[in-house]
Amino acid sequence: MSLLLLITEWTGTIFGISGAALLSSNTKYSSWGWWLFLISSLSLCLFAALSSAWGLLLLNAAFVSTNVTGIIRAWCPHVRGLKANRSAIKEKFK
């Protein structure tokens, strides 16, 4: 097995396990798990493409879309909240 295959396989595995653990921990840092899942899925997409494992590629491509959805759902409200806080602070000091 080539070094690139080994690196992509284990990167996907380690980030996937870490993302699952982080999301299931239900802490204020849990939303970072979606980013770890995204790295995992992209890494495993590369691994699958290099290995000609088309079913695994399709599965992880679908996971990429669910990870992006999770990121949008978890981070957009957070970013909007930060922007609202900045706007409120600016208005307060005008």
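The values are calculated or read from the model by the stated rules, or taken from the named source; none is laboratory data. Just so we're clear, the structure is a prediction, and the values are computed from it rather than from any experiment. Methodologically, a virtual Cβ is constructed for each residue, glycine included, from the backbone with ideal geometry; neighbour enumeration extends over all protein chains shown. Each accessible area value is taken on the protein alone, full model and side chains, heavy atoms only, with ligands, DNA and RNA left out. Shrake-Rupley method; radii C 1.70, N 1.55, O 1.52, S 1.80 Å.
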Scanning the stretch 43-53 for residues that are part of a helix (DSSP H, G or I) and of a type in the set (A, V, I, L, M, F, W, C), the one farthest from Arg73 (Cα to Cα) turns out to be Leu50
Within the stretch 1-37, of all residues that are part of a helix (DSSP H, G or I) and among the β-branched types (Val, Ile, Thr), the one surrounded by the most Cβ atoms within 10 Å (Cβ to Cβ) is Thr8
(Q) Checking the structure you have, find out if any residue of the stretch 75-86 is open to solvent by less than 40 Å² (accessible area, probe 1.4 Å) and either of a type in the set (Ser, Thr, Tyr) or modelled with pLDDT of 95 or more (or both). (A) no
Of the residues in the stretch 44-55, those that are open to solvent by 60 Å² or more (accessible area, probe 1.4 Å) and in contact (Cβ under 8 Å) with a residue 12 or more places away in the chain number 2
| Can we say Ser40 is in contact with a helix residue (DSSP H, G or I) (Cβ under 6 Å, 6 or more places away or on another chain), outside any helix (DSSP H, G or I) and open to solvent by less than 70 Å² (accessible area, probe 1.4 Å)? | no
